[in-house]
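Report on one structure; see the data block that follows.
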Amino acid sequence: MQLAVVASLLVAVTWIAGNTAANLESRGIASGFGFLSSESGFGIIQSLIAYDESSSYGRAFVVALLNTLVVSAIGILLATGVGFVIGIARLSSNWLVARLAGGYVEVFRNIPLLLQLFFWYFAVLRNLPSPRQSISVMDSVFLNIRGLYLPRPVAGEGIGWVWLALLIAMASAGVWWRLARRHQDATGERRAVFWPCLAMLAGLPALVLVLGGAPLHFEFAELRGFNFVGGIVLIPELAALVLALSAYTAAFVAEIVRAGILSVDRGQTEAARALGLRRGLSLRLVIIPQAMRVIIPPLTSQYLNLVKNSSLAAAIAYPELVSVFAGTVLNQTGQAIEVIALTMGVYLVLSLSISALMNWYNQHSMLRGRG
Amino acid sequence: MNWLRNNLFNSPLNSLLTLASLGLLWLLLPPLVGWALVDADFHGSSRADCGSGGACWVFVINRLDQFLYGLYPLEQRWRVNCVLLAPLLFIVLARSRRAGRIRNWAAAIGLFIVVATWLLHGGWGLPVVETTRWGGLMLTLVVAAVGMACSLPLGILLALGRQSELPVVRAVCVAFIEFWRGVPLITVLFMASVMLPLFLPEGVSFDKLLRALIGVTLFESAYMAEVVRGGLQAIPRGQYEAAAAIGLGYWRRMGLVVLPQALRLVIPGIVNTFIALFKDTTLVLIIGLFDLLGMVQAAIADPAWLGYSVEGYVFAAAVFWLFCFGMSRYSQALEARLDQTTHERN
Amino acid sequence: MRHQFLLGLFLNLALFLNLALAANGAHAGATLDAVRAKGFVQCGVNQGLPGFSNADNKGVWRGLDVDVCRAVAAALFGDAAKVKYTPLSAKERLTALQSGEIDMLSRNTTWTLTRDAALGLNFAGVVYYDGQGFLVRKGMVKSARELDGAAVCVHTGTTSELNMADYFRKHDMKYTPVVFEKADEALHAYAAGRCDVVTTDRSQLYAQRIKLKDPEQHVVLGDVISKEPLAPVVRHGDDEWFDIVKWSLFAMINAEEMNISSDNVDTIKAKTEDPGVRRLLGLEGDKGKDLGLDNDWAYRIIKQVGNYSEIFERNLGSGSPLKMERGINALWNQGGILYAPPVR
């Protein structure tokens, strides 16, 4: 039986490989990954690393991959935040709030993501004004159909001190957090953690910045010729993709959070209340930590879905992996097999590593839960 | 009054939240209703009839034919309508006494696929309608229906394979499932549309729609397999052992004892996968098939109707929403009913 | 029990695959034989580009590229209608041809060295000499050299994307590329103001301009930044088929040169004494036989499809909404560069 499976698999694979090889051979199509090092010759609208037309296809691949990661990371953060809020709101004792949250979930999860993406991109963001009629905030932030232009911080001399101050602030915030925790374990008293830490993290670098004579200035975007030049630009394609991905995924996250919270025994809430914890605190300290164990596994697959769904960017013009690599590069080189295999390989690796990471975290939190 | 106090104003925070929510509704609802209904235009034949500032439903109504049937020839549309009536037959079947038999269902679905293919595509007396002319909601339903009908059995086989004692079978199934679950559907569709021809001998070629169908089916069957696996794992070992003890072979053991119980448990999961599949059908527009969303995209690009994209998208969203919401309600109702019956048995 | 069943299943499968494998070797190569056997030409065309290939509301394909497919069918089968069309995106077109899904590609495809050599394709003469240009709002700029800093909409899978990058680099100008999957999307992004300019082959720009809300408000700039010879394509491996496609096109161009049109071909055939015309129409010599066709091949093309001038005017020129000039696509002896080798 197993032999038969192996045999038929082998036959199938050799058949496909044979066909492909024969097809490539008989039509004289070049193959191999050599093309990755040749000059790309096309531009990419958004790039985190230095890239221009004379860069190689390999570099274009890295640029596209980074763009995929950027949109996924922002999407995951936003979707988690919004999803938790909506999920908790669905369980609110406030009838109206619960209904609104329920409405959100039902609307967003039952409409195809691609449609939502089109809606944001073609129907909403297309209505922004042209560059000359930009909406501007204090002449430093500009919004128009070409994107959102923010001032770009430019480091001057002595910026190293500010970084150092930030490091010190992070370290001391960590220490403060530990001390507070130990204090609570010892005495049961809670000390403020959030505000002091925030004050340290923001205050210290700011102080050094002012004392050091502000070695940081901003480069503002300005209208020159057709477009704004300078500053940081968030292109509308990115905005549409982030909006659609996070709004859609948040609906699923909300359901997962709701189910997670419902899975925690009612007795736990009552016990927490009996201990005198207020609602917010009991939710944060008692319910959610326990619910997390139920929440993590499905949450992982939502994150995976989000990463994979970011490939829909090919339908609008956001330059991520599928759009640049399986799009432009495939077209320019004609190396369909190599390009698609590489693209799928990247997603496979991404998926498998996120789920490995989440499994590790899951086991970690399980053990602690039991201890 | 009492209800209001208990549900909306039972604490200062809640009162605040209620007011904020009311504010939100006040901001959203009146303009929305005004746009979609009060100020909207429903009658007319061109963009000149849309002057009142609200939604221009004239556009959607004028294009409704295309949104539903794509470019399917006008005089042949009765064939599509006939196929659409089929679900009624299935409901009749479900109510009849023979419904319980899986074999009957399989036969009915098989027959349906043959007849529907004949009706839609033509041949044997009917004029052939090329699949390039299929489109709109009809194409969406074709992709969804075929995807559902094929991914379920394939998914069940894969799930069984993943549970098999034979290491090779198991490894193959695990690899297959993880592969499809790890890649985005759009790359699968690209592969199907761009690369599949290179894998086949020269001269053998598939219709583009068929390729999309193969891609969608393989992709969804991996997800289906994971759902079914959940059900298989929930069946107590005793059931497997009891079935083996009375001397049933593997397929009868699975087919008669384990699967009926396991599938019952995961019906909600299966329906959820169907919903995901239904939403995923929109991706075929990226490889150049014109499903409902694709038709809408094409229609809003028509120079005669420029500027009514919102109406088009809202219409498409409403259609998809109705289908998906309907299915999810059905799945919830089933879940509740299943919960009840299991409790009764306990 | 189950083992036997499965074993049988897999063995059957293996057998089937082996059979398919065996069949594979049998008909590799000869495209012409396969086309003859099935009785129609499977022709890859654009999904919708007015003037070149566009399905009208009855589903009938029309356009310059479509007429090339029809000419091949007329030459081969004696019936211009024996064509099946496969609408293809820019991205799919080359693999569709390479893989044998279509027999010929007639989809405004630029003849380039890479495509000709590395991708295993053969380009069968030039149907239309095109060049890349820019479409802008009226009054914005006068020349492409003023486009420094512009956002440019372009669609992927084309030589336009590369030419544009080359052009801006060469003139040391900055630009923002906004790359769409489909030509229509690029056009609408431009219409909405996402870009200042949209770039592609000039013939396409003219075709797309009439899709805009107010075509008068947009102009195609005079600059031509690249050479885009658009050509029908076949894959390597069947030279007879390559010849037939090539000469079907040349027959239409030669017919225009000899002033033979679908209207007068019958009268000319009846009484011509011109040896060149007689060779083309199969009255003298065995030119058709040399191609593997019969000697009436060119007559049928002219009768059923028309000469180059007819198909140009009907699809792109005065008889069409595009109203394009012949320009460099006029015959070589009328100020253009269109030139077909002689039928001799």
Report summary line: Result of the Cβ filter at 8 Å on segment C:141-153, keeping first residues that are without any contact (Cβ under 8 Å) to a residue 24 or more places away in the chain and partners that are of a type in the set (Ser, Thr, Tyr) and surrounded by 20 or more Cβ atoms within 10 Å (Cβ to Cβ), at least 6 apart or interchain, is none
Query raised in the report: Could you list, in sequence order, the residues of segment A:225-241 that are part of a strand (DSSP E or B) and not hydrophobic (A, V, I, L, M, F, W, C)?
Result: A:Asn227
Requested in this report: Could you please let me know if A:Phe108 is facing chain B (nearest Cβ under 8 Å) and among the aromatic types (Phe, Trp, Tyr)?
Outcome: no
Requested in this report: Collect the residues in segment C:263-306 that are of a type in the set (Asp, Glu) and part of a loop (DSSP other than H, G, I, E, B), keeping them in residue-number order.
Outcome: C:Asp263, C:Glu273, C:Asp274, C:Glu284, C:Asp286, C:Asp294, C:Asp296
Report summary line: Checked segment A:235-245 for anything crowded, with 24+ Cβ neighbours inside 10 Å and either over 13 Å from the mean Cα position of the chain (by Cα) or of a type in the set (Gly, Ala, Ser) (or both); matches are A:Pro236, A:Glu237, A:Ala240, A:Ala244
Query - C:Phe134, sole failed condition from (1) within 8 Å of another protein chain (Cβ to nearest Cβ); (2) within 22 Å of C:Ile210 (Cβ to Cβ) - result: (1)
Query raised in the report: Among (1) away from chain A (no Cβ under 13 Å); (2) small (Gly, Ala, Ser); (3) in contact (Cβ under 8 Å) with a residue 40 or more places away in the chain; (4) in contact with a helix residue (DSSP H, G or I) (Cβ under 7 Å, 6 or more places away or on another chain), which single condition is B:Ala40 missing?
Result: (3)
Requested in this report: Quick one: which helices (runs of 4 or more DSSP H) lie wholly within segment A:276-339 and hold at least 2 residues that are more than 15 Å from the chain's Cα centre (by Cα) and not polar (S, T, N, Q)?
Outcome: A:279-282, A:288-309
Query raised in the report: Out of A:Gly225, A:Gly213, A:Gly203, which single residue is surrounded by fewer than 17 Cβ atoms within 10 Å (Cβ to Cβ) and within 12 Å of chain C (Cβ to nearest Cβ)?
Result: A:Gly225
Query raised in the report: Among (1) within 14 Å of chain B (Cβ to nearest Cβ); (2) assigned to a strand (DSSP E or B); (3) not hydroxyl-bearing (Ser, Thr, Tyr), which single condition is C:Ala151 missing?
Result: (1)
**Report entry** Candidate set from segment A:25-56 (those that are in a helix (DSSP H, G or I) and in contact (Cβ under 8 Å) with a residue 12 or more places away in the chain); member that is nearest to the other protein chains (Cβ to nearest Cβ)
**Finding:** A:Phe35
Query raised in the report: Since A:Arg59 meets every condition but one in (1) free of Cβ contacts under 8 Å to residues at least 24 places away in the same chain; (2) part of a helix (DSSP H, G or I); (3) in contact with a Lys or Arg (Cβ under 7 Å, 6 or more places away or on another chain), which condition does it not meet?
Result: (3)
Requested in this report: Within segment C:39-93, count every residue that is within 12 Å of chain B (Cβ to nearest Cβ) and either touching a residue at least 60 places away in the same chain (Cβ under 8 Å) or at negative phi (or both).
Outcome: 23
Report task. Tell me, please, whether a residue that is free of Cβ contacts under 8 Å to residues at least 24 places away in the same chain and within 18 Å of A:Val322 (Cβ to Cβ) can be found in segment A:73-86. Result -> yes
Query raised in the report: Give me the pairs: first residue in segment B:6-29 and within 18 Å of A:Gly280 (Cβ to Cβ) and within 7 Å of another protein chain (Cβ to nearest Cβ), second residue exposed (fewer than 12 other Cβ atoms within 10 Å of the Cβ) and at pLDDT 85 or above, beta-carbon distance under 8 Å, and six or more apart or on different chains, which are they?
Result: none
Requested in this report: Answer yes if at least one residue in segment B:198-205 is surrounded by 21 or more Cβ atoms within 10 Å (Cβ to Cβ) and more than 14 Å from every other protein chain (Cβ to nearest Cβ), and no otherwise.
Outcome: no
Report task. Considering only residues that are farther than 15 Å from A:Val229 by Cβ and exposed (fewer than 13 other Cβ atoms within 10 Å of the Cβ), look in segment A:130-152 and name the one that is farthest from the other protein chains (Cβ to nearest Cβ). Result -> A:Met138
Query raised in the report: Is it the case that segment A:96-112 has a residue that's surrounded by fewer than 20 Cβ atoms within 10 Å (Cβ to Cβ) and outside any helix (DSSP H, G or I)?
Result: no
Report task. Please tell me if A:Arg182 is surrounded by fewer than 16 Cβ atoms within 10 Å (Cβ to Cβ) and within 14 Å of chain C (Cβ to nearest Cβ). Result -> no
Query raised in the report: Which of the residues spanning segment A:114-129 are more than 7 Å from every other protein chain (Cβ to nearest Cβ) and either part of a helix (DSSP H, G or I) or of a type in the set (Gly, Ala, Ser) (or both)?
Result: A:Gln116, A:Leu117, A:Trp120, A:Tyr121, A:Val124, A:Leu125, A:Asn127
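To keep it simple, each residue is scored yes or no on (1) modelled with pLDDT of 90 or more; (2) under 29 Å from the mean Cα position of the chain (by Cα).
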position	(1), (2)
B:Val194	no, yes
B:Phe199	no, yes
B:Glu202	no, no
B:Ser205	no, yes
B:Met224	yes, yes
B:Ile235	no, yes
B:Glu241	no, no
B:Gly247	no, no
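The values are calculated or read from the model by the stated rules, or taken from the named source; none is laboratory data. Being a predicted model, the structure only gives us computed values, none of them experimental. FYI the Cβ positions are ideal-geometry reconstructions off the backbone, even for glycines, and counts take in every protein chain you see.
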